[in-house]
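Here's the structure, in structure tokens; my notes come after.
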Amino acid sequence: MENRGIEDMFDFRRFPKDALVLLLLLIYFPVGICLMLIRIFVGVHVFLVSCALPESFIRRFIVRIMCSVLGMHVRTKNPRSRDKNTKLYMCNHVTEFDHNIINLLTPCHTPQLEGSTGFVCWARGFMEIHSASGQGAIGDTLQRYCSTEGTSPLLLFPEEETTNGRAGLLKFSSWPFSLTDSIQPVALRVTRPLIALSTPDSSWMKELLWTFFAPCTVYHVSWLPTVSRQDGESTQEFANKVQELLAGELGLVSTKITKADKAEHIKRTKRYTVPQASTSARPASIGLGFMVQSLGTDDHRIAKMAQQVKDVLPHVPLNVIAKDLSETNCVDTTITNLLESKEEGPMEATGTSTFGSSMNNSYSSVPAPTIKPAAKCFGRYPVDRHLSLQERKEALYNFARRRYIEKHGLDQEDSH
């Protein structure tokens, strides 16, 4: 397995970055809106037809033709390799409608492992599992289903999450491979012009509307030969082997990135995204806002801590704060270091030259209080160190209090 950047596995923006493609998208936009409205009307009829007709080749053929009108085209490779005796298909996951596309080619059921149940689950083409919660109970239910004669095969997605299908495959979960000893891999490749196939924060309904908006979405389905588990081979080794086979067929790489890694990356991305409104809230934070947007994850954290120190010590320039934070990695320690620094005077001069004349005008009328260090050296005894810390805290509190009074034009008596 190869390590591939998690940013390459998913599309976090819907529209392209290329200027020419973006211009084409703007020209196509009115046409896409009209297509989406027409396809919504046609899509209702596709749903009614699929509900009215019984499961058969004729039903799948009619629905497949109607799906082509919706812009969802299906192309198959090696259709004769499909094993009719196989009870379990394993496929990579690209869009929210992969199971519907595979079901147009062969009858199969995909269980709804999480999400909505009831009518929505049935309308989307999922099989609802009436079982107690828990992966073990679900596995037992599906294992009994696979051992029952006369049932349609199961279609599972061991990645358990969608990717953009261009960089690599998520690490396969091992529990689906414990259901049967023989499975058939199904390689799925999806292409769409102008816009991305999916984004992590989008619901299935939004993805359906974007599918109707796009000119077309082409699904390439390839049937691989049936794979059986060898004697003494664990379920995880079996899963890794199938993952390598699918990756080789698709021209991708096998990664160790899991569903949990994707969720954590999305959470981390949202956490460090700085809204545009916050960057224009105060002049002192404008430079930091641009810095946060252009830096990496660790620099994001340093920049946020630097803003916290800047709120307490506004006369200290950001570059000095960031330099100290990169060494201490602690807001309190950096504040203490800056308060005890003997070069406080030169730092103030540097700060005024960094932020320009606008900062000079805003702070020229406010004299920066001088805070003397509470201790010249590190105390030898705990009592001395505790007293030194208390003195520094008291000096910091008095400085912040005077700063607040001067900023809001309050009297000393009103602040009490």
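Only one of these is closer than 27 Å to HIS45 by Cα, buried (at least 16 other Cβ atoms within 10 Å of the Cβ) and in contact with a His (Cβ under 8 Å, 6 or more places away or on another chain): LEU155, LEU70. Name it.
Working: LEU70 fails: in contact with a His (Cβ under 8 Å, 6 or more places away or on another chain).
None of the others qualify; the one that does is LEU155.
Residue-wise test of (1) surrounded by 13 or more Cβ atoms within 10 Å (Cβ to Cβ); (2) part of a loop (DSSP other than H, G, I, E, B); (3) on the phi > 0 side of the Ramachandran plot; (4) at pLDDT 80 or above.
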position	(1), (2), (3), (4)
GLU249	yes, no, no, yes
ILE257	yes, yes, no, yes
ILE266	yes, no, no, yes
SER285	yes, no, no, no
HIS300	yes, no, no, no
HIS315	yes, yes, no, no
ASP324	yes, no, no, yes
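Would you please name the residue that is nearest to PHE126 (Cα to Cα), looking only at residues in segment 141-193 that are among the basic types (Lys, Arg) and not in a strand (DSSP E or B)?
Narrowing segment 141-193 to residues among the basic types (Lys, Arg): 144, 166, 171, 189, 192.
From what is left, the residues that are not in a strand (DSSP E or B) are 144, 166, 171, 192.
Working: ARG144: 18, ARG166: 26, LYS171: 23, ARG192: 24 Å.
For segment 141-193, the residue satisfying everything is ARG144.
Looking at segment 143-191 only, could you name the residues that are more than 30 Å from ARG13 (Cβ to Cβ) and basic (Lys, Arg)? Of everything in segment 143-191, just one residue is more than 30 Å from ARG13 (Cβ to Cβ) and basic (Lys, Arg), namely ARG144.
For segment 35-48, the count of residues that are part of a strand (DSSP E or B) and either among the acidic types (Asp, Glu) or over 28 Å from the mean Cα position of the chain (by Cα) (or both) is zero. Quick check, is ALA277 at pLDDT below 90, among the aliphatic types (A, V, I, L, M) and not in a loop (DSSP other than H, G, I, E, B)? When the stated conditions are applied, ALA277 passes them.
The values are calculated or read from the model by the stated rules, or taken from the named source; none is laboratory data. Keep in mind it's a predicted model, so treat the numbers as computed, not measured. FYI the Cβ positions are ideal-geometry reconstructions off the backbone, even for glycines, and counts take in every protein chain you see.
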